[in-house]
1. Net charge within 15 Å of residue B:158 by Cβ-Cβ distance, Lys/Arg positive one each and Asp/Glu negative one each, not counting residue B:158 itself?
2. Quantify how strongly other chains surround peptide A:24-31 by giving the mean number of their Cβ atoms within 10 Å of each of its Cβ atoms.
3. Please give, to one decimal in nm, the separation of the simple spin-label points placed at residue B:79 and residue A:153, each 7 Å out from Cα toward the Cβ.
4. Using the Cα centre of the stretch A:31-102 as the reference point, and only Cβ charges (+1 on K/R, -1 on D/E), how large is the resulting charge dipole? Debye, rounded to the nearest 20.
5. Tell me the label-point distance for the pair residue B:88, residue A:139, using the 7 Å Cα-to-Cβ offset, in nm and rounded to one decimal.
6. Given the Cα-Cα distance of residue A:99 and residue A:44 and 0.36 nm per residue of separation, how much length would full extension add, in nm?
7. Measure off 7 Å from each Cα along the Cα-to-Cβ vector at residue A:57 and residue B:153, then give the distance between these two points in nanometres to one decimal.
8. What order, most packed first, do the peptides A:183-191, A:105-113, B:25-33 have when packing is the mean number of other Cβ atoms within 10 Å of each residue?
Amino acid sequence: MRVAGNHGAGRDDQHGVDCDGCREAMSAALDGEADAAEQARIDAHLGGCAACRSWQRDAALVTRHVRTAAVGAGPDLVDRVVDAAPAASVRWRGVSARAGLAAVGLAQAVLGLVSLLGAATHAHAMTDPFMVLGAGMAHATHETAAWNLALGVAFLGGALFTRHLAGLLPVLGAFIAVLAVLSGLDLVAGRVEPGRVVSHLVLVAGFLLGLAVVRSGPRPGTGPSPGARWWRPGGRSVVADDGPTRPAPTPWERESDVA
Amino acid sequence: MDDARITALALRARDGDRGAAGEFVAATQHQVWRLLVHLADPSVAEELTQETYERALGSLRRYRGDAPARSWLLSVARRVAADHLRRRSRRPVSPAPLAEDDRPVGGAPRGDLAESVAVRHAVDALDPDRREAFVLTQVIGLSYEEAAAVCRCPIGTIRSRVARARADLVDALADRPAERPHRSG
């Protein structure tokens, strides 16, 4: 390598830019990362600094050598690593889990509606002798029916807008766990008919299908997205001026995404 | 192949398209390998490249396409290299000796051999942070912004590291008159 020699970086008070600052700017300029104003400051400094002129030549030479260095072809690893990629089954697994979840949501919503109608007709028929924590039997039944209907809607919504499904699972998991214990106790004590307990299995199915959908991975564009996905403070628009959408080169989700 | 196409391949691969996964690997493996040659060393680059793809493809299911797939992949490679260096420092082994006639990766045209070797040694001798910024921008060809995303640091940091790496290289190569090529004869 024929570079001229050591270049001490000093201060050039005459032009208001020290040699270190100028060299950083020259380095950026070599990579096309300096703007016009910066280029003007570089030129002004170079006019009176022979050491930096020489450094500029050497830096350009070194850069050229690195960029044009001969390299062999690396190994071809396609056959060795391609099996680590998601299998072809993930797509239809995800799709069928969503379809199943939608069906379960529909069933659950129907169950909720039926019990709501049942509760509404019964409420007129009797005056309620049992008051528990401020609610009569009729009101407790209303609450249960509303909750069942809401879960059906949540399943349907989750099947359509999978981005929001993950948030539902902890609530549902806790509900199912508590309900399972209570149903067991009630069955033993004869406080509930087996048919009613069996209808809870719809919830379990919804939970498992929801889990399968979430595990089949994120699918952009499957519903209304949180604003942060399209606009980040300090980030830029994801849509480039010239047509195809271009992901913004801002930091991505989480460290754990790359395991 | 441009970034948008590579990202599209990654998204298809995520949805179970093995053909796209193969194309994704084929389109990027050379750059990943070159990065690892510089961040780790040539003797383990192939093994680490394989590890990079195993990790990246294995976690592809969680890739959303928010960042360009190439930068995402290179950041995985960077982490693989860091893990390798950490493992190696825990149980120290003697590094492979760098012979003076060590050929640059893949070989070079005759007259430039000595220069290539000198440049490679000088790049390898850089401070690790500077070397990383320099290799990502000069060898891999990322913009400062993309390199900053891969390293998770501000653009200004990349800019100053690249400049310092250049200054180090200019100094290092000026200090080694013995390695100048002898073109006479």
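1. 0
2. Counting other chains' Cβ atoms within 10 Å and averaging over A:24-31 gives 6.
3. Calculated label separation equals 3.9 nm.
4. Values: 9 positive and 9 negative charges, 60 e Å.
Using only the charged Cβ atoms, the result is roughly 280 debye.
5. Taking the simple label geometry, residue B:88 and residue A:139 are separated by 7.2 nm.
6. Residue separation times 0.36 nm, minus the Cα-Cα distance, leaves 13.0 nm.
7. 3.2
8. Details: A:183-191: 11.3, A:105-113: 18.2, B:25-33: 21.3.
Top of the packing list down: B:25-33, A:105-113, A:183-191.
Where a number appears in this text, it was derived from the coordinates with a stated rule and is not lab data. As the structure is a prediction and not an experimental result, all values here were calculated from the model. Methodologically, a virtual Cβ is constructed for each residue, glycine included, from the backbone with ideal geometry; neighbour enumeration extends over all protein chains shown.
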